[in-house]
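One structure is given below, encoded as C-alpha coordinates.
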Amino acid sequence: MKILVVDDEMDVRVLFEQRFRREIRSGEFVFAFAHSGEEALDYLRDHPSEVVLILSDINMPGMSGLELLRQVRAQYPAPVPPPTPVVLMLTAYGDQATRDQALGLGADDLITKPVDFAALKHTLLALAGV
(Lines give C-alpha, C1' and ligand atoms only; values in the text may rest on other atoms or scores of the structure.)
Protein backbone atom coordinates (compact mmCIF):
# COMPACT_ATOMS: atom_id res chain seq x y z
CA MET A 1 0.00 0.00 0.00
CA LYS A 2 1.36 3.43 -0.99
CA ILE A 3 0.99 6.03 1.77
CA LEU A 4 1.64 9.76 1.33
CA VAL A 5 2.55 11.40 4.64
CA VAL A 6 2.12 15.19 4.62
CA ASP A 7 3.67 17.10 7.51
CA ASP A 8 5.80 20.23 7.72
CA GLU A 9 7.97 18.74 10.49
CA MET A 10 11.14 17.35 8.95
CA ASP A 11 11.65 14.55 11.52
CA VAL A 12 8.40 12.83 10.55
CA ARG A 13 10.09 10.86 7.75
CA VAL A 14 12.66 9.33 10.11
CA LEU A 15 9.99 8.58 12.70
CA PHE A 16 7.76 6.73 10.20
CA GLU A 17 10.69 4.86 8.68
CA GLN A 18 11.73 3.68 12.15
CA ARG A 19 8.23 2.75 13.33
CA PHE A 20 7.31 0.88 10.12
CA ARG A 21 10.72 -0.61 9.30
CA ARG A 22 9.42 -4.19 9.10
CA GLU A 23 6.41 -3.29 6.91
CA ILE A 24 8.62 -1.22 4.59
CA ARG A 25 11.13 -4.05 4.22
CA SER A 26 8.40 -6.58 3.49
CA GLY A 27 6.81 -4.27 0.91
CA GLU A 28 3.50 -4.03 2.78
CA PHE A 29 3.88 -0.24 2.97
CA VAL A 30 5.62 2.18 0.67
CA PHE A 31 5.87 5.69 2.07
CA ALA A 32 6.22 8.97 0.22
CA PHE A 33 6.63 12.25 2.08
CA ALA A 34 5.57 15.83 1.37
CA HIS A 35 6.30 18.79 3.62
CA SER A 36 3.38 20.96 2.53
CA GLY A 37 -0.09 20.72 1.04
CA GLU A 38 1.21 22.16 -2.22
CA GLU A 39 3.98 19.56 -2.40
CA ALA A 40 1.42 16.82 -1.72
CA LEU A 41 -0.80 17.99 -4.61
CA ASP A 42 2.25 18.04 -6.90
CA TYR A 43 3.10 14.50 -5.82
CA LEU A 44 -0.45 13.28 -6.44
CA ARG A 45 -0.50 14.91 -9.87
CA ASP A 46 2.86 13.35 -10.81
CA HIS A 47 1.93 9.89 -9.47
CA PRO A 48 -1.69 9.30 -10.51
CA SER A 49 -3.42 6.28 -8.98
CA GLU A 50 -0.37 5.31 -6.87
CA VAL A 51 -1.41 6.69 -3.49
CA VAL A 52 -3.95 4.64 -1.60
CA LEU A 53 -3.82 6.56 1.67
CA ILE A 54 -2.96 10.13 2.63
CA LEU A 55 -1.94 10.84 6.21
CA SER A 56 -1.87 14.63 6.61
CA ASP A 57 -1.18 17.04 9.40
CA ILE A 58 -3.88 19.70 9.72
CA ASN A 59 -1.78 22.65 10.91
CA MET A 60 0.89 23.50 8.35
CA PRO A 61 2.16 26.83 7.03
CA GLY A 62 0.77 27.78 3.64
CA MET A 63 -1.91 25.30 2.63
CA SER A 64 -3.42 23.65 5.71
CA GLY A 65 -4.23 19.97 5.82
CA LEU A 66 -7.93 20.86 5.69
CA GLU A 67 -7.43 22.82 2.46
CA LEU A 68 -5.42 19.88 1.08
CA LEU A 69 -8.32 17.60 2.04
CA ARG A 70 -10.78 19.92 0.24
CA GLN A 71 -8.69 19.83 -2.92
CA VAL A 72 -8.08 16.08 -2.81
CA ARG A 73 -11.79 15.38 -2.45
CA ALA A 74 -12.59 17.81 -5.31
CA GLN A 75 -9.98 16.29 -7.63
CA TYR A 76 -10.55 12.63 -6.75
CA PRO A 77 -14.29 12.15 -6.27
CA ALA A 78 -15.50 8.63 -5.55
CA PRO A 79 -15.93 6.16 -7.13
CA VAL A 80 -14.32 6.81 -10.54
CA PRO A 81 -10.71 5.77 -11.18
CA PRO A 82 -8.13 6.62 -10.15
CA PRO A 83 -9.27 5.30 -6.81
CA THR A 84 -10.20 7.88 -4.23
CA PRO A 85 -7.49 7.80 -1.57
CA VAL A 86 -8.36 7.24 2.05
CA VAL A 87 -7.48 10.42 3.99
CA LEU A 88 -6.56 10.34 7.66
CA MET A 89 -5.91 13.70 9.30
CA LEU A 90 -3.32 14.25 12.06
CA THR A 91 -3.85 16.98 14.60
CA ALA A 92 -2.66 18.13 17.98
CA TYR A 93 -6.21 19.39 18.56
CA GLY A 94 -8.67 16.70 19.57
CA ASP A 95 -11.63 19.03 19.95
CA GLN A 96 -15.00 18.17 18.46
CA ALA A 97 -15.09 21.24 16.17
CA THR A 98 -11.85 20.22 14.44
CA ARG A 99 -13.08 16.63 14.15
CA ASP A 100 -16.43 17.72 12.72
CA GLN A 101 -14.75 20.05 10.22
CA ALA A 102 -12.32 17.38 9.01
CA LEU A 103 -15.01 14.70 8.69
CA GLY A 104 -17.37 17.20 7.04
CA LEU A 105 -14.72 17.88 4.40
CA GLY A 106 -14.39 14.17 3.67
CA ALA A 107 -11.68 12.90 5.99
CA ASP A 108 -12.03 9.20 6.72
CA ASP A 109 -10.75 9.60 10.27
CA LEU A 110 -8.90 11.96 12.59
CA ILE A 111 -5.83 10.90 14.58
CA THR A 112 -4.58 13.02 17.47
CA LYS A 113 -0.95 13.69 18.21
CA PRO A 114 1.12 12.31 19.72
CA VAL A 115 0.45 9.42 17.36
CA ASP A 116 -0.17 6.01 18.87
CA PHE A 117 1.92 4.11 16.31
CA ALA A 118 0.69 0.68 17.43
CA ALA A 119 -2.91 1.72 16.77
CA LEU A 120 -1.94 3.45 13.51
CA LYS A 121 -0.11 0.33 12.33
CA HIS A 122 -3.21 -1.75 13.12
CA THR A 123 -5.40 0.69 11.14
CA LEU A 124 -3.02 0.73 8.16
CA LEU A 125 -2.74 -3.06 8.07
CA ALA A 126 -6.55 -3.35 8.19
CA LEU A 127 -6.86 -0.87 5.30
CA ALA A 128 -4.23 -2.84 3.37
CA GLY A 129 -6.23 -6.02 3.95
CA VAL A 130 -3.37 -7.69 5.80
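Per-structure values
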quantity: Enumeration of residues in region 30-51 that are crowded, with 19+ Cβ neighbours inside 10 Å and at pLDDT below 95; calculated: Leu44, Val51
quantity: Matching residues, region 1-46, being among the acidic types (Asp, Glu) and touching a Ser or Thr at 6+ places or on another chain (Cβ under 8 Å); calculated: Asp7, Asp8
quantity: Residue in region 1-27 that is farthest from Leu124 (Cα to Cα), counting only those that are in contact with a helix residue (DSSP H, G or I) (Cβ under 9 Å, 6 or more places away or on another chain) and assigned to a helix (DSSP H, G or I); calculated: Leu15
quantity: Asp116 vs. criteria crowded, with 17+ Cβ neighbours inside 10 Å, of a type in the set (D, E, K, R), closer than 22 Å to Glu17 by Cβ and at pLDDT 90 or above; calculated: no
quantity: Region 30-43 residues that are without any contact (Cβ under 8 Å) to a residue 24 or more places away in the chain, paired with ones that are of a type in the set (A, V, I, L, M, F, W, C) (beta carbon under 9 Å, 6 or more apart); calculated: Asp42/Ala34
quantity: Among (1) closer than 22 Å to Ala92 by Cα; (2) surrounded by 15 or more Cβ atoms within 10 Å (Cβ to Cβ); (3) free of Cβ contacts under 8 Å to residues at least 40 places away in the same chain - the single one Leu15 does not satisfy; calculated: (2)
quantity: Sole exception among (1) acidic (Asp, Glu); (2) over 18 Å from Leu124 (Cα atoms); (3) in contact with a Pro (Cβ under 9 Å, 6 or more places away or on another chain) for Glu38, by number; calculated: (3)
quantity: Test: residue in region 47-57 that is in contact with a Ser or Thr (Cβ under 8 Å, 6 or more places away or on another chain) and more than 17 Å from Tyr76 (Cα to Cα); calculated: yes
quantity: Residue identified as surrounded by 14 or more Cβ atoms within 10 Å (Cβ to Cβ), closer than 19 Å to Gln101 by Cα and out of contact with any Gly (no Cβ under 8 Å at 6 or more places or on another chain) among Ile54, Ile58, Ile3; calculated: Ile54
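The values are calculated or read from the model by the stated rules, or taken from the named source; none is laboratory data. Owing to the predicted nature of the structure, the values given are computational and were not obtained by experimental measurement. Don't worry about glycine lacking a Cβ; one is built from the backbone with ideal geometry, like all the others, and counts go over all protein chains shown.
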